[in-house]
1. Kindly provide the set of residues from the stretch 192-207 that are of a type in the set (A, V, I, L, M, F, W, C) and surrounded by fewer than 19 Cβ atoms within 10 Å (Cβ to Cβ), ordered by number.
2. Hey, does the stretch 92-115 have a residue that's of a type in the set (Val, Ile, Thr) and free of Cβ contacts under 8 Å to residues at least 24 places away in the same chain?
3. Going through Ser211, Ser162, Ser217, Ser221 one at a time, which residue ends up being surrounded by fewer than 17 Cβ atoms within 10 Å (Cβ to Cβ) and touching a strand residue (DSSP E or B) at 6+ places or on another chain (Cβ under 8 Å)?
4. Condition test on Pro20, is it closer than 25 Å to Asp185 by Cα and in contact (Cβ under 8 Å) with a residue 60 or more places away in the chain?
5. When you scan the stretch 187-232 for strands (runs of 3 or more DSSP E) that lie fully inside it, which ones turn up with 2 or more residues that are farther than 19 Å from Leu28 by Cβ and not aliphatic (A, V, I, L, M)?
Amino acid sequence: MISMPTLRVATYNIAAGQNPDPQAINRLFTEENLDLIGVQEVDRHTRRNPYDMPAAIAGTRYHAAFAPAIPVMGGDYGIALFSREPLLNVTNHHYAHFGEEKRVYQHGVYEVAGTPLSVYNTHLSFETPALRQLQVAELTAAMHADPIPRQVLFGDFNMDQSHQEWDYFDPALRRANGGAGGWFDTFNGRDAGMQSFAIDNILVTPNIQLSQVRVPSRILSDHQLLAATLTF
């Protein structure tokens with residue numbers, strides 16, 4: 001039997017405002033044997049976290065690519081991708097539509113056994129479903145224009161009003177959260193304005209198989225890590 005290339009991946013909002021422990025996060029990534037991770041709410045050289053958080057989380061095991069969204073407390077706040085091997089052609093993009101905070105998505109290319117994988121990571125606005133729908137439209141347009149056929153999208157999508165918000169995405173995309181394994185409430189805090197807590201997800205194009213979706217019990221943030229295996 002021919003062995004197909006696989007990747008163990010995850011998405012994780014680490015709640016920079018709650019002073020996350022970068023070493024504990026690195027240990028969690030290592031324990032889960034992760035190859036590629038999209039992370040949201042990351043600080044770099046802010047007064048509340050006065051160090052290079054992406055580098056501290058990466059340690060010696062991972063490479064980090066940081067995308068600043070807004071300036072915060074003398075530094076930057078945004079999202080980051082972590083990978084076993086360096087990502088290629090990493091770019092950062094601000095959404096044209098946003099609420100209280102500017103929002104970004106980042107894109108890079110990861111080589112898997114000689115096959116390019118297009119990698120996206122984002123953190124959508126929390127204010128309204130209508131605003132998120134506009135951001136999804138921007139992101140979807142970028143993915144559709146991408147010449148690389150295999151794509152994965154990580155993110156905290158803040159789709160907290162109903163599971164139907166996920167219908168904003170191309171129905172051909174496969175979801176780790178809300179897929180064959182059902183829904184995972186990845187936000188572990190409580191917010192009276194939220195109707196759904198399954199707000200973190202990993203989406204892939206139909207030419208990638210999703211399996212072994214799980215949410216480890218370790219609590220290091222007000223979100224849970226969502227992990228999955230991708231097979232090409």
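None of the figures in this text is laboratory data; all of them are computed from the coordinates on show. Everything numeric here is computed off the predicted structure, so don't read it as measured data. Heads up, the Cβs are rebuilt from the backbone with ideal geometry, glycines too, and the neighbour counts pull from every protein chain shown.
1. Keep residues of the stretch 192-207 that are of a type in the set (A, V, I, L, M, F, W, C), which gives 192, 194, 197-199, 202-204.
Ala192, Met194, Phe197, listed by residue number.
2. Let us first name the residues in the stretch 92-115 that are of a type in the set (Val, Ile, Thr), namely 104, 109, 112, 115.
From the residues that got through so far, the ones that are free of Cβ contacts under 8 Å to residues at least 24 places away in the same chain too are none.
No, because not a single residue in the stretch 92-115 is of a type in the set (Val, Ile, Thr) and free of Cβ contacts under 8 Å to residues at least 24 places away in the same chain.
3. Ser211
4. Values: closer than 25 Å to Asp185 by Cα: yes; in contact (Cβ under 8 Å) with a residue 60 or more places away in the chain: yes.
Criteria met by Pro20.
5. On the way: elements: 200-204, 209-214, 226-231.
Per the criteria, 209-214.
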